[in-house]
Amino acid sequence: METKELVGGWTAYHPLTPEDQKVFDEAMNGFVGVKYQPQSVSTQVVNGTNYRYQCLASMPPSEVIWNAVVEICAPIDGQPHVVGIQRI
């Protein structure tokens, strides 16, 4: 599935590509506590790429699961990093 990218605009949420998963894994490396499992992603091309991952979240060993959006910025030069997490 091809998604149109409009500079400054967000794409519709879509399944993760291997590159989307790689950005998520790099940004979440070392993150402890809540476990986030990305289900879909929306991207925005700016000075780099911003990502909004719709995730299932849980805090093992609890079986409670909730939805969250993890926002990640992947600058042109530099490592992807989490800029916000919002429970929805």
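The values are calculated or read from the model by the stated rules, or taken from the named source; none is laboratory data. Quick caveat, the model's predicted, so the values are computed rather than measured. Because the Cβ atoms are built from the backbone with ideal geometry, glycine has one as well, and the counts that use them run over all protein chains shown. All accessible areas refer to the heavy atoms of the entire protein, side chains included, with ligands and DNA or RNA removed. Shrake-Rupley method; radii C 1.70, N 1.55, O 1.52, S 1.80 Å.
With respect to residue 16, is the statement that it is part of a strand (DSSP E or B) and either open to solvent by less than 90 Å² (accessible area, probe 1.4 Å) or on the phi > 0 side of the Ramachandran plot (or both) true?
Judged against the criteria, residue 16 is not a match.
Condition first: outside any strand (DSSP E or B) and not aliphatic (A, V, I, L, M). Can you find one or more residues in the stretch 33-44 that meet it?
Yes, the stretch 33-44 contains a residue that is outside any strand (DSSP E or B) and not aliphatic (A, V, I, L, M).
Within the stretch 54-61, is there a residue that is within 20 Å of residue 11 (Cβ to Cβ), part of a loop (DSSP other than H, G, I, E, B) and either modelled with pLDDT under 95 or open to solvent by 40 Å² or more (accessible area, probe 1.4 Å) (or both)?
Scanning the stretch 54-61 turns up no residue that is within 20 Å of residue 11 (Cβ to Cβ), part of a loop (DSSP other than H, G, I, E, B) and either modelled with pLDDT under 95 or open to solvent by 40 Å² or more (accessible area, probe 1.4 Å) (or both).
State all residues of the stretch 28-50 that are closer than 15 Å to residue 82 by Cα, open to solvent by less than 20 Å² (accessible area, probe 1.4 Å) and hydroxyl-bearing (Ser, Thr, Tyr); if no residue qualifies, say none.
Of everything in the stretch 28-50, those that are closer than 15 Å to residue 82 by Cα, open to solvent by less than 20 Å² (accessible area, probe 1.4 Å) and hydroxyl-bearing (Ser, Thr, Tyr) turn out to be 42, 43.
Using the structure shown, decide if residue 61 is of a type outside the set (Gly, Ala, Ser) and out of contact with any strand residue (DSSP E or B) (no Cβ under 8 Å at 6 or more places or on another chain).
Answer is yes for this residue.
Sort through 70, 82 and tell me the only one that's open to solvent by 30 Å² or more (accessible area, probe 1.4 Å), in a strand (DSSP E or B), touching a helix residue (DSSP H, G or I) at 6+ places or on another chain (Cβ under 9 Å) and modelled with pLDDT of 95 or more.
82
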